[in-house]
1. For a quick check of your reading of the model, give me the residue pairs whose first member lies in region 113-125 and is in contact (Cβ under 8 Å) with a residue 40 or more places away in the chain and among the β-branched types (Val, Ile, Thr), whose second is open to solvent by 30 Å² or more (accessible area, probe 1.4 Å) and in a strand (DSSP E or B), with beta-carbon atoms closer than 7 Å and at least 6 apart or on different chains.
2. Give me the pairs, please: first residue somewhere in region 28-41 and within 15 Å of Leu63 (Cβ to Cβ), second residue anywhere and in a loop (DSSP other than H, G, I, E, B), beta-carbon distance under 6 Å, and either six or more positions apart or on two chains.
3. Identify, please: which residue in region 30-75 is over 11 Å from Phe106 (Cα atoms) and of a type in the set (Ser, Thr, Tyr) and is, among those, most open to solvent (accessible area, probe 1.4 Å)?
4. Only one of (1) at pLDDT 95 or above; (2) surrounded by 17 or more Cβ atoms within 10 Å (Cβ to Cβ); (3) part of a helix (DSSP H, G or I) is not met by Lys78, so which one is it?
5. Whether any residue in region 110-124 is under 25 Å from Lys53 (Cβ atoms), out of contact with any Gly (no Cβ under 6 Å at 6 or more places or on another chain) and open to solvent by 60 Å² or more (accessible area, probe 1.4 Å) is what I want to check.
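The values are calculated or read from the model by the stated rules, or taken from the named source; none is laboratory data. Note that the structure is a prediction, hence the values are computed from the model and not measured. FYI the Cβ positions are ideal-geometry reconstructions off the backbone, even for glycines, and counts take in every protein chain you see. SASA here: full protein model, heavy atoms, side chains in, ligands and nucleic acids out. Shrake-Rupley method; radii C 1.70, N 1.55, O 1.52, S 1.80 Å.
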Amino acid sequence: MANSSLCLVLASSFMVLSLAAGTQFKVGGSGRWSVPDNNAMTYNQWAEKNRFKIGDSIVFTYLPDEDSVLLVDDDAYKNCNTSSHIDQFNDGNTVFTFTHSGNFYFVSGVKDNCDKNEKLHVVVLADRTNTSSPAPAPLPASAPAEGATGEPSPPPNAATAKVVGVVSSLGAAAIAALSFTF
């Protein structure tokens, strides 16, 4: 039982770590950062179809001598104010990683392009994982079940209680992914 408990804890840890690695999104899905065509999906429509999390990144591809990317606040975004920015990128292949949840606003460094809707609003979801959860509650006390020998079954050990706590915090999808035999 101890080996299977250890295997379950290790498998669970691996799954959590693999989920923590971020996804890289190419802005707009494909193509380059530029003024969208009249009948094309806007950058915001593209962003609304995706779920961005802390650790994810977005990639802006553009010609550095023709355009740039500005990280701006809400007001500068709404007004295409290219003179007021939080950060500026002009390398032609900008990778921006989200380090916290909330709203992120990007506009073209060329005001006329921004006025023509070359801008992007991304909402990064809050981290809902509970990394500082207390130890799992003890199993409810009940009359011990009789074993085949007539002796009471031993109480679960600490390792089993920890595994139960880890498994219960994973959720149904993660538990389904762990459907392998030890």
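1. Listed pairs, sorted by first residue: Val123/Asn103.
2. What qualifies is Arg32/Tyr62; Trp33/Val27; Trp33/Tyr62; Val35/Lys116; Val35/Glu118.
3. Ser30
4. (2)
5. Yes, there is a match, as at least one residue in region 110-124 is under 25 Å from Lys53 (Cβ atoms), out of contact with any Gly (no Cβ under 6 Å at 6 or more places or on another chain) and open to solvent by 60 Å² or more (accessible area, probe 1.4 Å).
Per-residue answers, yes or no, for (1) modelled with pLDDT of 95 or more; (2) part of a loop (DSSP other than H, G, I, E, B); (3) under 20 Å from Thr42 (Cβ atoms):
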position	(1), (2), (3)
Thr82	yes, yes, yes
Thr99	yes, yes, no
Phe104	yes, no, yes
Val107	yes, no, yes
Asp112	yes, no, yes
Ala126	no, yes, no
Ser133	no, yes, no
Ala137	no, yes, no
Ser142	no, yes, no
